[in-house]
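> My structure is below; once you've seen it, I'll send some questions.
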Amino acid sequence: MKNSMIFREAVINDIEQIQIVRNLVKENVLSNPALVSDKDCEDFLTVRGKGWVCEIEKKIVGFAIAYLKEKNIWALFVLPEYENKGVGKRLHSNMLNWYFSQIPESVWLSTAPGTRAELFYRKQGWTETGVYGKGEIKFEMDYGKWEKLKDNKVDK
C-alpha cells in the first residue's frame, strides 16, 4: 500500500475531503461539525500554519495541520480504515519537520485520554505536561528531543 500513498502539502481545494476525514473519525469526534468551518480550515492552511495530506488514488485518507502562531498541532486525523498503515506517522513527521524548520520552540497538542491518539503521541515521544480544556491530556515536543527522534519516526 505504501507505494500508492502520496504525501503532499495541503491546498485549499483539499478542504472538502479534509472535512470528510475529520468527520468520519471514531475518536476525538467533533460534538458539532459546524464548529470547524471550511473558512477555519482555509485560514489554518494559508495564514496560521500549514497542512499536509495523504492521498491514495486521489482520495485524501489523512491530514495534519500545524498552527505556527500558537505553537500548536491543530489536527492529525486518519480515516479509520487507513489506521495502522503508516499514514499518521508519516504525516506527523512531515508536520514536525516543517514546524521545527520554522521555529525551534516547543510545540503542544491536546487529545482525549484513553484514546488511540494518546497512545500514538506517547509512542512518537511526546511528553505529557498536564491537562487542557475539558480534561484533555496536554503534550509537548521540544526541538532538541525531535532532532534526536526524527530519523526513527519516518517510514522509509
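> Of all residues in segment 46-97, how many are in a strand (DSSP E or B) and of a type in the set (A, V, I, L, M, F, W, C)?
Going through segment 46-97 one residue at a time, the tally reaches 16.
> A follow-up question, please. Quick check on my filter: what residues within segment 91-138 are surrounded by 13 or more Cβ atoms within 10 Å (Cβ to Cβ) and among the aliphatic types (A, V, I, L, M)?
Residues satisfying the conditions are LEU91, MET95, LEU96, ILE103, VAL107, LEU109, ALA112, ALA117, ILE137.
> Hey, another quick one. Scan segment 50-69 residue by residue and report those that are open to solvent by 10 Å² or more (accessible area, probe 1.4 Å) and in contact with a helix residue (DSSP H, G or I) (Cβ under 8 Å, 6 or more places away or on another chain).
Within segment 50-69, LYS50, TRP52, ILE56, GLU57, LYS59, TYR67, LEU68, LYS69 qualify.
> Just wondering, is there one or more residues in segment 139-148 that are assigned to a loop (DSSP other than H, G, I, E, B), surrounded by fewer than 21 Cβ atoms within 10 Å (Cβ to Cβ), at pLDDT 90 or above and in contact with a strand residue (DSSP E or B) (Cβ under 9 Å, 6 or more places away or on another chain)?
Within segment 139-148, one or more residues are assigned to a loop (DSSP other than H, G, I, E, B), surrounded by fewer than 21 Cβ atoms within 10 Å (Cβ to Cβ), at pLDDT 90 or above and in contact with a strand residue (DSSP E or B) (Cβ under 9 Å, 6 or more places away or on another chain).
The values are calculated or read from the model by the stated rules, or taken from the named source; none is laboratory data. The shown structure was predicted, so the numbers you read here are calculated from the model rather than taken from an experiment. Please note: Cβ atoms are built from the backbone with ideal geometry, for glycine as well, and neighbour counts cover all protein chains shown. Surface areas here come from the heavy atoms of the whole protein model, side chains and all, with no ligands, DNA or RNA. Shrake-Rupley method; radii C 1.70, N 1.55, O 1.52, S 1.80 Å.
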